[in-house]
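The values are calculated or read from the model by the stated rules, or taken from the named source; none is laboratory data. The model shown is predicted, which means the values in this text are computed figures rather than measured ones. When we count neighbours, we look across all protein chains shown, and the Cβ atoms used for this are built from the backbone with ideal geometry, even at glycine.
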Amino acid sequence: MKLLFFADLHGDKESMNILRNKAKDADGIVCAGDFTRMERDIEGIMKNLDSFGKTMLMIHGNHEDADTLKDLCQKYKNLNYLHKGVFHVGDYVFLGYGGDGFSTNDPEFEKVANKFFKKEAEGKKRIILVTHMPPYGTEIDKIEGEHRGNKSYKKFIDDVKPHLVISGHLHETAGKHQKIGRTLLINPGKDGVTVDI
């Protein structure tokens, strides 16, 4: 399965065109949040993303409201809300958790992960975790030698060992990736990254 991932688009028109071209060869698309700048023209941007004509899973970032994104996704044929949710495609499972961007720990994520995500991931051929904020202690959360990510996400990754983790939020680490065991962590940035998984 060839998937296009992106984060932190912030309504950038040039990057939107780059994503549109990359989407032509993708089986599906995943947005890791902050596709707007404080929800400015959110409906216009979502209409544009929907027009790519591919199934797109979306979580909100710290620039979008969860309820707004959930409501708007229902208006579009190809856009699917993934926050605190799962999306199954055969033996593949996508786990999504959006928002935040600034906390070191997230008790709400831990609750969702322990009661829901872990169960949904059991026995799956491929597990893909999508968060807006990056996990702590990785190359995708490191700025000026300091780690700025979330420890709750990192603990879940250590326990479940998803095959792929996609996170954004930190523009400084866009395009960076790291392999930890079987887990590939990527910040795809606003121009997006295509991954065969």
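Considering (1) out of contact with any Phe, Trp or Tyr (no Cβ under 8 Å at 6 or more places or on another chain); (2) over 19 Å from residue 9 (Cβ atoms), the lone condition that residue 76 does not fulfil carries the number (2). Are any of the residues in the stretch 130-151 part of a helix (DSSP H, G or I) and surrounded by fewer than 17 Cβ atoms within 10 Å (Cβ to Cβ)? Yes, the conditions are met somewhere in the stretch 130-151. Just checking, how many residues over the stretch 58-72 are in contact with a strand residue (DSSP E or B) (Cβ under 8 Å, 6 or more places away or on another chain) and either surrounded by fewer than 16 Cβ atoms within 10 Å (Cβ to Cβ) or in a helix (DSSP H, G or I) (or both)? Residues flagged as in contact with a strand residue (DSSP E or B) (Cβ under 8 Å, 6 or more places away or on another chain) and either surrounded by fewer than 16 Cβ atoms within 10 Å (Cβ to Cβ) or in a helix (DSSP H, G or I) (or both) within the stretch 58-72 amount to 4. Within the stretch 73-89, the residues that satisfy the criterion of being more than 20 Å from residue 165 (Cβ to Cβ) and either out of contact with any helix residue (DSSP H, G or I) (no Cβ under 7 Å at 6 or more places or on another chain) or surrounded by fewer than 20 Cβ atoms within 10 Å (Cβ to Cβ) (or both) are 73, 74, 75, 76, 77, 78. Would you call residue 111 out of contact with any helix residue (DSSP H, G or I) (no Cβ under 9 Å at 6 or more places or on another chain) and under 20 Å from residue 55 (Cβ atoms)? When the stated conditions are applied, residue 111 does not pass them. Please enumerate the residues belonging to the stretch 152-181 that are surrounded by fewer than 23 Cβ atoms within 10 Å (Cβ to Cβ) and either touching a Gly at 6+ places or on another chain (Cβ under 7 Å) or at pLDDT below 95 (or both). Those that are surrounded by fewer than 23 Cβ atoms within 10 Å (Cβ to Cβ) and either touching a Gly at 6+ places or on another chain (Cβ under 7 Å) or at pLDDT below 95 (or both): 154, 161, 174, 175.
Considering only residues of the stretch 43-57 that are polar (S, T, N, Q) and surrounded by 16 or more Cβ atoms within 10 Å (Cβ to Cβ), which is farthest from residue 13 (Cα to Cα)? So the residue we want is 55. Residue 101 satisfies every condition listed in (1) of a type outside the set (D, E, K, R); (2) part of a loop (DSSP other than H, G, I, E, B); (3) out of contact with any Ser or Thr (no Cβ under 8 Å at 6 or more places or on another chain); (4) at pLDDT 95 or above except (4). Just give me the residues in the stretch 23-44 being farther than 23 Å from residue 66 by Cβ and under 17 Å from the mean Cα position of the chain (by Cα), in sequence order. Scanning the stretch 23-44 gives 23, 26, 27. Scoring residue 96 on the criteria (1) within 25 Å of residue 160 (Cα to Cα); (2) at pLDDT 95 or above; (3) touching a His at 6+ places or on another chain (Cβ under 9 Å); (4) part of a loop (DSSP other than H, G, I, E, B) leaves a single failure, condition (4).
Could you check the stretch 166-179 and list, in sequence order, the residues that are touching a residue at least 24 places away in the same chain (Cβ under 8 Å) and farther than 18 Å from residue 190 by Cβ? The one that is touching a residue at least 24 places away in the same chain (Cβ under 8 Å) and farther than 18 Å from residue 190 by Cβ: 178.
When you scan the stretch 22-42, do you find a residue that is exposed (fewer than 14 other Cβ atoms within 10 Å of the Cβ), assigned to a helix (DSSP H, G or I) and at pLDDT 95 or above, even just one? There is no residue in the stretch 22-42 that is exposed (fewer than 14 other Cβ atoms within 10 Å of the Cβ), assigned to a helix (DSSP H, G or I) and at pLDDT 95 or above.
Close Cβ contacts (under 6 Å, 6 or more residues apart or on different chains) running from residues in the stretch 1-24 that are within 15 Å of residue 79 (Cβ to Cβ) to residues that are surrounded by fewer than 13 Cβ atoms within 10 Å (Cβ to Cβ) and of a type in the set (Gly, Ala, Ser) are absent. Scan the stretch 66-85 and tell me whether some residue there is over 17 Å from the mean Cα position of the chain (by Cα), modelled with pLDDT of 95 or more and at positive phi. So far as the stretch 66-85 goes, no, none of its residues is over 17 Å from the mean Cα position of the chain (by Cα), modelled with pLDDT of 95 or more and at positive phi.
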